[in-house]
1. List every residue whose amide H lies under 5 Å from the amide H of residue A:583, counting only residues 5 or more places away in sequence or on a different chain, with H placed 1.01 Å from N in the peptide plane.
2. Using a 10 Å cut-off on Cβ atoms, rank the peptides A:232-238, A:653-659, B:48-54 from the highest mean neighbour count down.
3. How well do other chains shield peptide A:152-161, expressed as the mean number of their Cβ atoms within 10 Å of each residue Cβ?
4. Counting only DSSP beta bridges with both residues in the stretch A:494-653, tell me the antiparallel percent, nearest 5.
5. Once the principal axes of the Cα atoms of the stretch B:95-269 are found, what is the range along each, listed largest first in whole angstroms?
6. For the A and B pair, go ahead and give the buried accessible area with a 1.4 Å probe, both sides summed, in Å² to 100.
7. Treating only the Cβ of Lys, Arg, Asp and Glu as charged (+1, +1, -1, -1), what charge dipole size does the stretch B:95-269 show about its Cα centre? Round to the nearest 20 debye.
8. Averaged across B:209-220, how many Cβ atoms of other chains sit within 10 Å of each residue's Cβ atom?
Amino acid sequence: MTGPLLSVSDLRVHLDTGGPPARVVDGISFSIRAGETFVLLGESGCGKSMTALALLRLLPPAGRYASGSITLGSTDLLRIPEQAMRDVRGRRIAMIFQEPQTALNPVLTVGAQVGEVLARHRGLRGAAMRDRVVELLDDVGIADPRRRAEEFPHQLSGGMKQRVMIAMALAGGPDLLVADEPTTALDVTMQAQVLQLLREIKERTGMAILLITHDLGVVAEMADRIAVMYAGQIVEEAPRTEFLGAPLHPYSRKLFESLPDESRRGAPLAVIEGVVPPLNTEFRGCRFETRCERRWPTCALLPPKWIDAGAGRYVRCHLHDPAMRDIPEGVARAGRAQTAADGPRQKSHAAATLIVRDLQVHFPIQRGILRRTVGHVYAVDGLTLAVPPASTLALVGESGCGKTTTGKAIARLLEATGGEVRFDGIDVLALRGAALRRLRREIQFIFQDPYASMNPRMNVADIVAEGMVAQGIGRTAAERLQRVDSLLHQVGLDPGAKSRYPHEFSGGQRQRICIARALAVQPRLVICDEPTSALDVSVQAQILNLLRTLQEELGLSYLFITHNLAVVRYLAHEVAVMYLGRIVERGPVEEVMARPRHPYTRALLSAVPQVDPETGRERIRLRGELPSPSSPPSGCHFHPRCPVAEPRCRERYPAAVSVGPDHTAHCHLLAPP
Amino acid sequence: MIGFLLTRLFSLAAVALGVVSLVFLLLHLVPGDPVEVMLGESATPADRGELRRSLGLDQPIAVQWARYLGKLSHGQLGESLHSREPIVELVTGRVRATAQLGAAALVVSIAIGLPLGVGAALRDGRRLDRAALALTALAMSIPSFWLGPMLILLFSITLGWLPVSGRAEAGAIVLPALTLGIPLAAALTRMVRASMLQVLSEDYLRTARAKGLPPARVTVQHALRNAALPIMTVLGLQLGGVLAGAIITETIFQWPGLGQLTIESIQRRDYPVVQACVLIISLTYVVVNAATDMLCGLLDPRVRMA
């Protein structure tokens, strides 16, 4: 076939929200060739998801096409009637979405939902349809597909649901698969499996993929070509190697620089100042101008042209415009973030702030009319860890491994069923009444979803001051209000924000409010439960910088719960890797990251997509998923998924083995035979 | 699935026992002495004592309660003080009439409420939606004691199409069913609309559209099936309220149902009959709700496996 499979030309989509329309997609053009993976990269609100919906003519009711064309083969999709469009959807262009949790209909079986596509586009009925459904489920790697086809979405794990979505998309045999953040809601190990599946399918079927993501690691893993979107426009387009080697647009560069990783430890991460400009304003110059460190007067006056930079690369930036010869000296030099030495760090020693020994949180499973206890969920099952003063312990693991339960049990938001928690020598699990309330002052919590963790009917001042009132900090309301001001200032918010309500803030600002709320009672330990996983990379960088600065200024200890290993590398001093309710490996972060010893840690590390143009590094792919914590496997919990398991692994749980200074792992293979 | 139904049936039995006991207790708390009502002012203390003993009213309340339950379990409701007929016979025909009226009202409400609610949700904020909202607000605020006579005035007296009252003539059920069904239809329209609006913004509807399914299938198979759950739960509650509302409608249209019997018995101070009526109405309410609960379980796999 000659010519592109899909070409989008000068597409403009407006959202009517009262007042001037928001130009969410503002004149974008790109084309996708058969069999290639084209990535649209950008942060939330840049218009990438709206572009995807626009391709399928599935815009929300407020959206409308202002201009442009979308040509699939030889058909302009914007000029055919809706009925003809329905033959394109699912048949020629299929789509998978970010949240497999909500993208499947909860009251229909998986088989019915896949079968529907076959009936619609392939004319299959009855037994032929059911057989094909089973075949498709098998193709996407679902074990026992005949039984799974009869099940409902809630009976499947997140990774399996995304596989079902993919099976559904493949059912019509499409030429193009639009995948909107297909792995964002999944764990790294699941993400690696799903990305691998997409690559295999692409090779097998020759289907093209339009992949939408904000994750540079996913870009490196998947892309043939990349387009970077900013404020409704494509600002750069390049083949994979060129892009990862040296992105041209200042915005693309910033995205790379704000990634947390080891080499940037101790130094602040690059942040992009300011916010994305509202899309209903008239732009005169470059849209990135107000936030760009390399701007010069022309940028505010003239919109940059789409410049061919050679070798298949295009960029929308005055710096690369050969017609602009008068760029002042110095502006054009790129300033990649400086790498600095490790920050001040206290060695872990006996005087740990928090010591957790053999912590257990078991939930009873109750069944039947009399609610008899028929078993237990061993969410946390004998966990031991210590957080030294003024340092950060990262607790990492897949979702469902018990990380959050551990955090909640330590803060006594959940009752532990066994073990010991000591905070400064105080037996935390024995505290009652007023003593327990005093503990709440020492240990604070920051949650994953800042919006959901604030009362929407309270203003910022009340949210931040509530803890102070409860703990009797500040004698008068005026005194507390003064403290609210200084707290907001400390977390980088304008104190004038205090009379506003949570919905008026962006995600990053909301998380700052939550941090201010936690700091209001002057805690010594803050349990951060995935505090940046709901945020964009550049915003994540701001929050990580803030947490690091606060630790230095206030000597805070963090128990940092996360599944993001890049964040661990950047922020943590020590790391504990958790699997099915227990710690399988712990040690200083440099040590564990550089020399992981437990097979699970190794698999976890190798599953993380690397922003690295080189491919071909060793990769350990985990089969299957986290087993249910209500019936953990015998012996070492990890043995059913372990690539190097031996017979003895099935028999008993391995004891801790010291594998380096302060570095231990629970694995039979590390112990002397 | 069987386990789910058994659990629900068990809790239904427990609630029914509670209702029966509560009705029994309430009647004992009501001021006034049934013996006095039965024998009149002129009876001698000896006569009263005699009757009290023969009715078992001299026993401790726990014993009376146990006996009452025993009788109920054999389907005995006692006899009317007014007509001396067994209450079971008195009530059977009445229950049938009310059930007929309730079913007809339900048909009216679903026939109007479901399509109107779905249509309003699909055209959120546009003309049909605004008209539906205005109409339902009006329909819900009209009291049945006004709506009933107006319907009679229009269809029976002016147009002469339908009988004024009673149950004997053909078509007699139409007007009472409309009187009872229209406010229910209005409430249902709003519930369907709200529930559909919620579901229409769900991700899985976008998935369904992205599959290339025609709009009718998206609306019925994907949206309505999910929207049905909250609708049914509320409809169950509403239907209970409708049965209580039937008292007024039945009185207006001289419909020989349970509501009418209740009113008559109250006027005649026929306490055992009142007790039986209250019991039947309450139990119907409980049973209807348990039935919706089970129906939800059938429709939503998440409910039945929880």
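1. Residues meeting the amide H criterion: A:384.
2. On the way: A:232-238: 25.4, A:653-659: 15.9, B:48-54: 13.7.
Per-residue mean Cβ counts within 10 Å order the peptides as A:232-238, A:653-659, B:48-54.
3. Details: counts 5, 3, 5, 3, 0, 0, 0, 0, 0, 0.
Per-residue shielding by partner chains comes out at 2.
4. Numbers: 6 of 11 bridges.
Antiparallel: roughly 55 percent of the beta bridges in the stretch A:494-653.
5. Dimensions of the stretch B:95-269 along the principal axes of its Cα atoms: 64, 35, 27 Å.
6. Details: alone 28640 and 16810 Å², together 43140 Å².
What A and B bury together is about 2300 Å².
7. Numbers: 15 positive and 7 negative charges, 98 e Å.
Value, rounded to 20: 460 debye.
8. Details: counts 8, 16, 16, 16, 8, 4, 2, 0, 3, 0, 0, 0.
Mean partner shielding for this stretch: 6.
The values are calculated or read from the model by the stated rules, or taken from the named source; none is laboratory data. From a predicted model like this one, the values you see are computed outputs, not experimental measurements. When we count neighbours, we look across all protein chains shown, and the Cβ atoms used for this are built from the backbone with ideal geometry, even at glycine. Note: accessible area is taken over every heavy atom of the protein model, side chains too, but ligands, DNA and RNA are not part of it. Shrake-Rupley method; radii C 1.70, N 1.55, O 1.52, S 1.80 Å.
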